[in-house]
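Worksheet: one structure, shown below.
The values are calculated or read from the model by the stated rules, or taken from the named source; none is laboratory data. In this text, all values refer to a predicted model and were calculated from it rather than measured experimentally. Cβ sites come from the backbone with ideal geometry, for glycine too, and all protein chains shown count toward neighbours.
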Amino acid sequence: MRAEHSAGTAAWGPHLAVLILAGVLATGSWLRRRRPSTEWRARGALPAPLGRPAARRITLTALAVRRRPAELWRLAVLAASAVVLLYLCWRAGLQVLGGLDPNFTANAWGGPSYAGAMACHYLDLAVIGAVVAGLLDRALLPVPAGRG
């Protein structure tokens, strides 16, 4: 049986506000990184480096925790962030597969269309992912200059 769309279940207004806020913050971040500052230039273009630089930062953080147990909060942020990022990947896949069922998007935030539901959910995933990446960037110790 096909579900009917219920009026008031789509959240286009709040998601438009989230999109505008995310755009303003992304533009502000981009402009801030354009300023001639050694701190921002050394960090690169992404909120959190990927690949080998990230592995090096995790290793440096773990070694610092061995020397100073008070820094354990950094590993706690890393563990919590990893769980959230894995959840976001699972949720993104669920959203793609859920579109195969027409009832899945009938009363979704961006519903009743599949494209609208994807737009709203993926906007949420992008914003949450960016916040988590920013937290990781702040929590993990930086690689000392010249030791990349």
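Kindly evaluate THR61 against the criterion of being surrounded by 15 or more Cβ atoms within 10 Å (Cβ to Cβ), of a type in the set (Val, Ile, Thr) and modelled with pLDDT under 85. Lay out the reasoning, then the answer.
On the way: surrounded by 15 or more Cβ atoms within 10 Å (Cβ to Cβ): yes; of a type in the set (Val, Ile, Thr): yes; modelled with pLDDT under 85: no.
It is false that THR61 is surrounded by 15 or more Cβ atoms within 10 Å (Cβ to Cβ), of a type in the set (Val, Ile, Thr) and modelled with pLDDT under 85.
Which numbered condition in (1) touching a Ser or Thr at 6+ places or on another chain (Cβ under 7 Å); (2) in a helix (DSSP H, G or I) is the only one that LEU125 fails?
(1)
Considering only segment 14-53, state which residues are at pLDDT below 80 and either touching a Lys or Arg at 6+ places or on another chain (Cβ under 6 Å) or under 15 Å from CYS120 (Cα atoms) (or both).
Listed by number, the list holds a single entry, TRP40.
Please work out which residue is farthest from PRO14 (Cα to Cα), limiting yourself to segment 61-111 and to residues that are within 17 Å of the chain's Cα centre (by Cα) and of a type in the set (Ser, Thr, Tyr).
Taking the candidates together, the pick is SER81.
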